[in-house]
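One structure is given below, encoded as structure tokens.
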Amino acid sequence: MQNENQDTENYDEIIRTWERKNCVNEPLVINTNSSKIIHIPYFPKCVKLYLTLSSDICMYLPDFPSTLKILDITLAPEIIPQLPPNLESLRIFIGDMRELPPLPDSLKKLKIEMTAIRHLPPLPPNLEELSCSENDLVCLPELPHKLKLLECAQNRITRLPALPQSLKELTCMYNKITEYPEYHADLDVIDDRYPGLY
């Protein structure tokens, strides 16, 4: 009980230090490795949240604040809470998670790397950048019409979905693709046939 109370006090002090800056737009950075926190009891109202979690942390995170627009998680747990409705950018780097929660329509950038995810949920209509290299993906969902960048290298994808005309950059090397879609003239491509400098 004493360790748990001490842990909460340490976390509260991190939040108080951040709140003294008196700016909700200031990024909130929580590193459980350096702060030795093993439990995150809550998140305050913030716009940008950067989390680096340790293997000892509780496998469940509290709810994210509704004000959140940018979320960055390194060493993600297997399950993450529902994403806030106004989130614009989500990055997850390294983690045991096998699936994502539903993605909000507001999301414009999604970057998922080095996880055990095999399938992505339906992509939001406003998504402009999708980077999902080095996962365990076997397929991609339908791509939104506003997508400009797609990076999906080093997965187990066998077939690409139809590519929107908005797409400007495509990197899809080191998959199991046997049949490629027709590329439009303005598309910069790096695939197993045209490896470039990847």
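The values are calculated or read from the model by the stated rules, or taken from the named source; none is laboratory data. The structure presented is a predicted model; accordingly, all values stated were derived computationally and were not measured. Counting neighbours? That spans all protein chains shown, and the Cβs are built from the backbone with ideal geometry, glycine included.
Restricting LEU90, LEU75 to those that are farther than 16 Å from PHE43 by Cα, part of a strand (DSSP E or B) and either aromatic (Phe, Trp, Tyr) or modelled with pLDDT of 95 or more (or both) reduces the list to LEU90.
Counting only residues that are of a type in the set (Val, Ile, Thr), part of a strand (DSSP E or B) and more than 18 Å from SER106 (Cβ to Cβ), how many does segment 36-72 have?
Our first condition is that a residue be of a type in the set (Val, Ile, Thr); within segment 36-72, this holds for 37-38, 40, 47, 52, 57, 67, 70.
With part of a strand (DSSP E or B) added as a condition, the list becomes 52, 70.
Going one step further and asking which of them are more than 18 Å from SER106 (Cβ to Cβ), we end up with 52.
Qualifying residue count, segment 36-72: 1.
Annotation for segment 7-16: no member residue is of a type in the set (D, E, K, R), outside any helix (DSSP H, G or I) and either closer than 21 Å to LEU68 by Cα or at pLDDT below 80 (or both). Of all residues in segment 145-198, exactly one satisfies the criterion of being in contact with a strand residue (DSSP E or B) (Cβ under 8 Å, 6 or more places away or on another chain), surrounded by 12 or more Cβ atoms within 10 Å (Cβ to Cβ) and polar (S, T, N, Q), namely THR171.
Among the residues of segment 73-95, count how many are polar (S, T, N, Q) and within 15 Å of LYS108 (Cα to Cα).
2
Just one of (1) of a type outside the set (Ser, Thr, Tyr); (2) in a loop (DSSP other than H, G, I, E, B); (3) under 22 Å from ASP186 (Cα atoms) fails for ARG118. It is (3).
On inspection, ARG98 passes the criterion of being basic (Lys, Arg) and at pLDDT below 95.
When restricted to residues that are surrounded by 13 or more Cβ atoms within 10 Å (Cβ to Cβ) and farther than 19 Å from ARG91 by Cα, segment 19-32 contains 2.
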